[in-house]
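The values are calculated or read from the model by the stated rules, or taken from the named source; none is laboratory data. Remember, predicted model here, so these are calculated numbers, not experimental data. All Cβ positions, glycine included, derive from the backbone under ideal geometry; neighbour counts span all protein chains shown. What goes into the accessible areas is simple: the full protein's heavy atoms, side chains included, and nothing from ligands, DNA or RNA. Shrake-Rupley method; radii C 1.70, N 1.55, O 1.52, S 1.80 Å.
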Amino acid sequence: MEETNKIATRESFGKALAELEDENIVVLDADLDTSTKTEYFKEKHSNRFFQMGIAEADMLGTAAGLATCGKIPFAATFAAFATGRCYDQIRTSIAYPRLNVKICGTHAGVTVGEDGATHQMLEDINLMRGLPNMTVISTSDDVQTRKLVKEIAKFDGPVYLRLSRQKTQVIYDENQEFEIGKALVAYGSEANIDVTIFSTGVTVLEAIRAAENLKVEGINVRVVDIHTIKPIDIEMIKKCSKDSKLLVSVEDHNIIGGLGSAIAEILTSNEEIMANDKYCKRLIRMGIKDTFGKSGKPESLMKYFKIDREAIEKCIKNSL
């Protein structure tokens with residue numbers, strides 16, 4: 001991974017969207033196409049792009065209507081608006097009838113930075129994964145985002161796609177494949193594991209860098225990228241629980257209801273894990289500790305909220 005090779009996942013989303021050839025795909029935006037990067041689709045397919053203005057609830061309702069007519073709507077706006085302002089429309093008009101609408105929330109998490117607490121959506125995973133029929137995806141880099149946008153377009157059913165604002169390091173090469181519902185090992189060997197870090201979105205790279213530093217100190221760490229938070233990859237969690245001494249989750253999201261909560265639910269409810277003492281059930285959840293965000297540089301905020309590589313390293317060393 002070259003440190004200079006960085007691109008925002010919202011940028012990757014916009015470019016991948018413009019490349020989709022299915023004539024049934026339509027894109028709706030709430031007056032933010034230059035920020036959400038749906039502008040790329042608008043430039044190429046203007047007849048299938050709908051600028052809905054600052055009326056997010058109307059946008060989601062319209063998306064639901066288009067889905068009933070056989071269209072595949074991608075509705076994009078900031079995550080704070082997409083999931084918070086439109087929760088009722090998503091719940092009643094999209095998730096309940098299981099309509100084929102793709103809700104794309106950009107600018108998620110504290111890494112939105114200087115926009116501050118009102119725009120730093122830290123509850124969206126919680127809100128969306130609590131809805132029956134909803135698939136929840138949080139991507140970590142350019143390659144993963146572009147490939148999963150194409151998978152989402154083929155997937156039948158409502159999807160929430162979580163994207164970040166700032167440019168992030170490219171982690172994967174172009175040969176890597178991604179499947180909805182299947183996590184993957186982003187770093188580490190399959191043997192002699194001390195710790196497994198479950199991560200998603202912008203925290204995947206932080207976890208990899210922490211694992212690299214810990215390896216120098218003789219601590220063998222595996223990093224698992226859980227891009228699909230719902231349905232979560234139960235088999236991957238079982239495998240990691242079986243061969244690790246410690247489990248850690250890290251996310252740019254409230255620790256209540258996010259990735260860590262989803263993993264904890266598996267560890268405390270899966271019959272195979274609960275019945276076997278050989279499985280590790282010790283999980284440390286790293287994330288935003290049930291508080292709102294703050295205004296600041298993304299890197300400073302990750303450090304402040306202790307979800308950066310240094311905090312991950314310190315947590316693991318102290319816990320072991």
Next item on the list: Can you confirm whether the stretch 60-79 contains a residue that is among the basic types (K, R) and either under 26 Å from I263 (Cα atoms) or in contact with a Phe, Trp or Tyr (Cβ under 7 Å, 6 or more places away or on another chain) (or both)?
Entry: no
Margin query: If a residue must be crowded, with 22+ Cβ neighbours inside 10 Å and modelled with pLDDT under 95, how many such residues does the stretch 13-34 contain?
Written below: 0
Notebook entry, point to check: What strands (runs of 3 or more DSSP E), lying completely within the stretch 23-141, carry at least 2 residues that are of a type outside the set (D, E, K, R) and in contact (Cβ under 8 Å) with a residue 24 or more places away in the chain?
Noted result: 25-29, 72-78, 102-106, 135-138
Note to self: Looking only at the stretch 22-45, filter to residues that are within 13 Å of V149 (Cβ to Cβ) and of a type outside the set (S, T, N, Q); which one of those is nearest to the chain's Cα centre (by Cα)?
What the structure shows: K37
Item checked: Residues that are aromatic (F, W, Y) and either within 22 Å of N5 (Cα to Cα) or open to solvent by 20 Å² or more (accessible area, probe 1.4 Å) (or both), drawn from the stretch 136-192 -> F155, Y172, F178, Y187
Item checked: Pair list, Cβ < 8 Å and 6+ apart or interchain, from the stretch 260-277 residues that are free of Cβ contacts under 8 Å to residues at least 24 places away in the same chain to residues that are crowded, with 16+ Cβ neighbours inside 10 Å -> A264/L283; A264/R285
